[in-house]
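Working notes for the structure below.
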Amino acid sequence: MIKVTIDGITVEVEQGSTILEAAKVAGVEIPTLCYLKDVTPEASCRMCMVEIEGMPKLVTACSFPAADGNVVHTRTERVVKARRGVLELLMSNHKTDCFSCPQNGMCKLQDLCFEYGVKDVPFEGVEKAIDDSNKFFTYDPNLCILCHRCVNTCQKRTCRGSIDTTQRGFKSVISPAFGMDWADSNCESCGNCVQACPTGALTMKKQKTYRHWDVEKVLTTCPHCATGCQYYVYVKDNRVVDVEAADGPSNRGLLCVKGRSASFDFAQCDERITTPLIKDRETGEFREAGWDEALDLVASKFTELKKTYGGQALAGFACSRSTNEDIYMLQKMTRVAFESNNTDNCARV
Amino acid sequence: MITIEQLQEIKEKNQDIVNFRKEHGERGNGKYRSHVLVCAGTGCTSSGSQKIADKLEEEIKAAGLEEEVCVIRTGCHGLCALGPVMIIYPEAAFYSNMELEHVPEIVSEHLVKGNVVTKYLYQETVTEDGIISMNQTNFYKPQNRVALRNCGVINPECINEYIGTGGYQALAKVLTTMSREDVVKCITDSGLRGRGGGGFPTGKKWQFAMGGEPGVQKYVCCNADEGDPGAFMDRSVLEGDPHVVFEAMAIAGYVIGANQGYIYVRAEYPIAVDRLNIALAQAREYGVLGDNIFGTGFSFDIDLRLGAGAFVCGEETALMTSIEGNRGEPRPRPPFPAVKGLFGQPTILNNVETWANIPQIILKGADWFAGMGTEKSRGTKVFALGGKINNVGLVEIPMGTTLREVVENIGGGIPNGKKFKAAQTGGPSGGCISLENYDVPIDYDNLVSIGSMMGSGGLIVMDEDDCMVDIAKFFLEFTVDESCGKCTPCRIGTKRLLELLNKITDGKAEMEDLDRMVELCNLIKENSLCALGQTAPNPVLSTYKYFKDEYIAHVKDKKCPAGKCKNLVSYHIDAEKCIGCGLCKKNCPGDAITGEKKQPHEIDTAKCLKCGVCMTKCKKDAIYKA
Ligand SMILES: Cc1cc2nc3c(=O)[nH]c(=O)nc-3n(C[C@H](O)[C@H](O)[C@H](O)COP(=O)(O)O)c2cc1C
Ligand code: SF4
Ligand code: SF4
Ligand code: SF4
Ligand code: FES
């Protein structure tokens with residue numbers, strides 16, 4: 001363990017901790033933009049600059065290993081000047097159209113500019129083409145600060161490696177290989193990159209249907225498969241409008257395309273079937289039926305089958321999208337009512 | 001695999017051949033009475049030296065001399081502007097600006113009859129008392145070739161010639177008589193500092209990588225990405241003496257405990273890549289690379305990796321990221337490569353020229369090397385002279401030589417009798433040295449203290465016609481293009497800085513813009529991730545420091561004192577001097593000049609494209625810029 005003093009607060013941290021990690025222990029907040037937890041530090045945004053006594057240069061807290069006895073200052077005039085300079089540069093190449101930006105209010109860049117009093121930086125950049133090809137999200141390079149959180153997420157967390165910087169220097173943009181459209185790439189549309197984006201550069205198309213202060217966030221489990229990813233559903237006017245991955249034990253802040261974009265729209269879909277349907281043998285058409293009628297029909301058919309062929313002829317398979325309780329009940333029914341041990345769940349495969 | 005005894009045999013067999021190739025060289029047991037060394041470096045190759053060598057071989061054969069005269073294609077001699085060049089021994093006759101048509105005469109006169117064809121020689125080598133060797137010329141005399149010692153002397157595609165010059169002796173010495181600590185001590189004591197730009201002490205760097213658990217995979221890398229505009233010293237070494245790099249890397253491998261090396265070489269150096277590949281195959285065949293070298297149990301091999309043409313890939317961490325197969329972007333340090341480098345393993349990286357010094361230091365001793373140069377910068381440094389200078393080319397001079405000596409003596413002064421204004425060292429990372437520092441000994445620390453840096457050794461001379469704001473802009477354009485774009489200050493800051501400079505050279509800037517400029521420079525310098533960004537403002541800051549009045553002239557008076565910045569100059573015709581010949585009018589691409597024959601002409605400044613053609617055409621000096 002080593003001792004580090006940050007803004008006057010001395011803490012003990014493990015050898016090899018970064019200044020940022022030590023600051024966290026000390027309860028001191030250091031602003032970051034590119035920092036992505038658990039991934040090799042990128043140290044590219046240069047927001048987290050701090051001053052260490054005895055060192056001539058400012059260092060990036062996210063990447064710099066703390067040494068025993070370090071005395072760190074995170075708010076000196078020099079530090080604030082550097083951070084403001086960085087923000088001003090970022091803003092000089094950022095289209096400030098916050099009113100119509102879906103990220104408004106959730107944008108880390110906006111928050112930091114507010115905190116550091118950065119304003120009135122004219123947009124001098126050249127407008128770059130927006131990539132709207134993906135069905136679920138949009139990339140607007142004019143809002144991108146090239147923090148590479150999306151890239152590092154895709155490469156090192158979802159391990160898909162679909163995107164990277166293309167071009168170089170001032171012309172850099174984020175895109176799939178060779179600048180192809182997002183839709184044509186090997187991207188799975190999981191949207192983890194979108195969630196990692198601190199600005200409005202990568203946004204879910206769904207974000208246009210709500211403002212974040214209108215929604216209530218409810219922690220739940222994704223119903224799509226048996227992995228059990230944790231996420232927050234965003235509820236607006238009693239409808240689910242979006243989801244955000246939570247840091248659950250099985251998903252660690254990630255989701256798949258189904259979980260993020262295909263697991264709740266049906267719940268409030270007008271075409272959703274809400275009553276049982278029974279097929280008319282004569283016409284071949286389905287007709288609406290009551291629950292009792294439908295369940296009686298199914299029960300009678302199963303009883304008949306069991307009588308004719310024995311319980312071993314029956315099996316019960318639960319869908320992995322069911323809850324544990326439902327799956328339990330199904331196997332119970334199979335064993336007790338069907339008298340069969342042929343029971344399973346598709347999540348096993 | 002050859003043994004040390006076999007190495008000695010090869011050396012003995014070949015040393016006469018290579019020793020013959022110097023002034024008053026002894027032929028000894030060498031087979032040929034005459035050696036024709038044709039430069040096959042990139043410069044001379046592009047001016048046609050390979051065809052000349054072919055023709056020579058053809059004519060020599062026709063004259064029946066192929067058993068007496070050999071043609072050797074060597075690496076670069078340094079005086080590229082005079083190419084194609086060729087030296088014939090034993091006379092040490094230095095032929096320059098060779099043309100295919102000269103070949104038959106040279107063969108029949110010089111090689112058959114023994115009469116040097118003086119009219120084709122480099123004229124500085126022709127004196128009243130006969131010819132002198134090129135080593136006696138102003139260009140070569142102050143030079144001391146250590147890193148370049150074999151360039152232009154040996155056939156780089158023949159390992160025997162390298163061995164003949166004492167090649168691989170240092171490796172043999174290290175492997176059989178020195179401990180790892182001895183070697184590091186020798187390199188440290190020699191005072192050798194990295195020639196790739198930063199000037200980090202090489203011995204210290206190696207020492208950092210020596211520690212750690214035994215058996216840990218480590219790597220040795222060679223930085224042959226040479227990206228500074230105008231610099232080509234590393235290319236010359238690779239093209240002229242590739243084995244020296246292998247030998248030095250193997251020595252380092254022994255010291256730090258690495259068995260694998262990588263040479264990261266730019267793909268734009270096709271000749272160097274070819275020669276490296278040929279040399280690699282020969283070194284492996286002889287077993288001076290590979291398993292169990294000289295039977296000592298030490299194994300070391302080298303692979304090439306081709307760079308794809310990004311300047312930033314010369315930065316050490318970007319280079320390693322690129323070798324790993326990723327987009328070449330720098331990564332934050334610490335961790336330093338000595339701890340966590342290539343593939344996350346302890347790694348040392350040195351520049352080609354740094355490597356080229358190592359075997360000599362091992363053989364001749366630390367004191368020999370430390371005896372050259374200045375207190376804190378030992379040895380020699382290769383510079384690529386360019387810009388407004390008569391002798392454009394490559395020179396290797398002891399550290400501590402003054403700029404005056406380089407420009408006026410070695411460089412042969414400035415063309416057209418113009419006045420020296422400044423010299424830029426260190427390429428896009430460096431700065432300008434003005435007349436006031438003309439006599440400062442050039443070494444790492446002096447250059448930094450006057451706001452420039454050594455860099456890889458580019459040295460560009462500027463005369464009174466050069467506008468310093470324009471020069472700063474030139475270098476900044478390069479950095480803006482070459483910034484990898486990873487970090488904010490460099491990606492956006494350099495672009496904004498360039499916009500400010502454009503504003504200045506367009507005559508649209510206010511005095512406050514100069515303050516903004518300096519502030520932005522400091523922001524970029526202090527906050528960028530890698531040295532590309534950290535040094536990118538140097539050309540601006542140093543020109544601003546030494547030529548502030550020029551900046552102010554652009555801003556306040558809206559004038560470019562050197563007359564370079566197009567938007568601040570206009571062309572006029574002096575009616576007194578104009579004789580109305582109409583030459584200017586005829587050549588003006590913008591139809592901007594009017595005037596009757598024999599009457600004074602006039603330039604319509606609105607139509608003028610400011611190309612300056614009229615000025616070069618006028619025989620009466622009637623056209624002036626204002
Ligand atoms: C932008 C940039 C470009 C560089 N390009 C080169 C290069 O082309 N060749 C080189 O040897 N070093 C280059 N360097 C320096 C290397 O990072 C490194 O310091 C050097 O290769 C170490 O070798 P040395 O200690 O032998 O000089 C560059 C550095 C930067 C920041
Ligand atoms: S949606 Fe998923 S797969 Fe596609 S780029 Fe983003 S992180 Fe990668
Ligand atoms: S898209 Fe977002 S996460 Fe990706 S680099 Fe741009 S700002 Fe960063
Ligand atoms: S300083 Fe420039 S070249 Fe270096 S990492 Fe930053 S953007 Fe890339
Ligand atoms: S958070 Fe440290 S540099 Fe971006």
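The values are calculated or read from the model by the stated rules, or taken from the named source; none is laboratory data. If you're wondering where the values come from, they're calculated on a predicted model, not measured in any experiment. Glycine gets a Cβ as well: all are built from the backbone with ideal geometry, and neighbour counts include every protein chain shown.
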Worksheet item: Which residue out of A:L87, A:L36, A:L58, A:L20 is within 16 Å of ligand 4 (Cβ to nearest atom) and either more than 14 Å from every other protein chain (Cβ to nearest Cβ) or among the hydrophobic types (A, V, I, L, M, F, W, C) (or both)?
Response: A:L58
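Going by the conditions given, is A:D111 away from every other protein chain (no Cβ under 14 Å) and within 16 Å of ligand 2 (Cβ to nearest atom)?
Numbers: away from every other protein chain (no Cβ under 14 Å): yes; within 16 Å of ligand 2 (Cβ to nearest atom): no.
No, not satisfied.
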Worksheet entry | B:T374 being on the phi < 0 side of the Ramachandran plot, outside the structural domain of B:V244 (by TED's automatic domain parsing), among the polar types (S, T, N, Q) and surrounded by fewer than 20 Cβ atoms within 10 Å (Cβ to Cβ) | yes
Discussion item. Please go through the range B:95-111 and give me each residue that is more than 25 Å from the chain's Cα centre (by Cα) and either of a type in the set (D, E) or surrounded by 17 or more Cβ atoms within 10 Å (Cβ to Cβ) (or both), ordered by number.
Written reply: B:E99, B:E101, B:H102, B:V103, B:E105, B:I106, B:V107, B:E109, B:H110, B:L111
Item to complete: Determine whether A:A129 is in a loop (DSSP other than H, G, I, E, B) and small (G, A, S).
Response: yes
Worksheet, complete the sentence: Residues of the range B:146-169 being of a type in the set (D, E, K, R), buried (at least 19 other Cβ atoms within 10 Å of the Cβ) and assigned to a loop (DSSP other than H, G, I, E, B), in sequence order, are B:R149
Worksheet item: From the set of residues in the range A:228-237 that are part of a loop (DSSP other than H, G, I, E, B) and out of contact with any Leu (no Cβ under 8 Å at 6 or more places or on another chain), which is nearest to ligand 2 (Cβ to nearest atom)?
Response: A:G228
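Hey, can you tell me all the residues within the range A:127-151 that are within 16 Å of ligand 5 (Cβ to nearest atom) and surrounded by fewer than 20 Cβ atoms within 10 Å (Cβ to Cβ)? Lay out the reasoning, then the answer.
Here is the first cut: in the range A:127-151, the ones within 16 Å of ligand 5 (Cβ to nearest atom) are A:144-151.
If the condition is that a residue be within 16 Å of ligand 5 (Cβ to nearest atom) and surrounded by fewer than 20 Cβ atoms within 10 Å (Cβ to Cβ), then no residue fits.
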Practice prompt. Determine whether the range B:326-345 contains at least one residue that is within 16 Å of ligand 1 (Cβ to nearest atom), assigned by TED's automatic domain parsing to the domain that holds B:A224, under 16 Å from B:M249 (Cβ atoms) and β-branched (V, I, T).
Written response: no
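Residue by residue, here is whether (1) within 14 Å of chain A (Cβ to nearest Cβ); (2) free of Cβ contacts under 8 Å to residues at least 24 places away in the same chain holds:
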| position | (1), (2) |
| --- | --- |
| B:P428 | yes, no |
| B:N437 | no, no |
| B:I460 | no, no |
| B:C467 | no, no |
| B:A472 | no, no |
| B:V480 | yes, yes |
| B:A509 | no, no |
Worksheet item: Just one of B:C560, B:C614 is in contact with a helix residue (DSSP H, G or I) (Cβ under 8 Å, 6 or more places away or on another chain) and part of a helix (DSSP H, G or I); which is it?
Response: B:C614
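Restricting to the range A:58-84, count the residues that are assigned to a loop (DSSP other than H, G, I, E, B) and either buried (at least 21 other Cβ atoms within 10 Å of the Cβ) or in contact with a helix residue (DSSP H, G or I) (Cβ under 9 Å, 6 or more places away or on another chain) (or both).
Keep residues of the range A:58-84 that are assigned to a loop (DSSP other than H, G, I, E, B), which gives A:58, A:61-64, A:66-70, A:74-76.
Filter once more, keeping what is either buried (at least 21 other Cβ atoms within 10 Å of the Cβ) or in contact with a helix residue (DSSP H, G or I) (Cβ under 9 Å, 6 or more places away or on another chain) (or both): A:58, A:61-64, A:66, A:70, A:74.
Matching residues across the range A:58-84 total 8.
Only one residue in B:G227, B:G198, B:G203, B:G191 is more than 16 Å from ligand 2 (Cβ to nearest atom), within 14 Å of chain A (Cβ to nearest Cβ) and within 30 Å of B:N538 (Cα to Cα), so which one is that? Spell out the reasoning first.
Details: B:G198 fails: within 14 Å of chain A (Cβ to nearest Cβ); B:G203 fails: within 14 Å of chain A (Cβ to nearest Cβ); B:G191 fails: within 14 Å of chain A (Cβ to nearest Cβ).
Only one candidate qualifies: B:G227.
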Practice prompt. Answer yes if at least one residue in the range B:520-539 is crowded, with 21+ Cβ neighbours inside 10 Å and more than 14 Å from every other protein chain (Cβ to nearest Cβ), and no otherwise.
Written response: yes
Worksheet entry | Unmet requirement for A:I327, which otherwise passes all of (1) β-branched (V, I, T); (2) assigned to a helix (DSSP H, G or I); (3) at pLDDT 95 or above | (3)
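Yes or no, residue by residue, for (1) without any contact (Cβ under 8 Å) to a residue 24 or more places away in the chain; (2) within 28 Å of the chain's Cα centre (by Cα):
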{"site": "B:N150", "(1), (2)": "no, yes"}
{"site": "B:I187", "(1), (2)": "no, yes"}
{"site": "B:G196", "(1), (2)": "no, yes"}
{"site": "B:M210", "(1), (2)": "no, no"}
{"site": "B:E213", "(1), (2)": "yes, no"}
Discussion item. If I filter the range A:152-197 down to residues being closer than 18 Å to A:L36 by Cα and within 13 Å of another protein chain (Cβ to nearest Cβ), which single residue comes out as farthest from the chain's Cα centre (by Cα)?
Written reply: A:T165
Worksheet item: Which of the residues spanning the range B:279-302 are within 27 Å of the chain's Cα centre (by Cα) and exposed (fewer than 15 other Cβ atoms within 10 Å of the Cβ)?
Response: B:A281
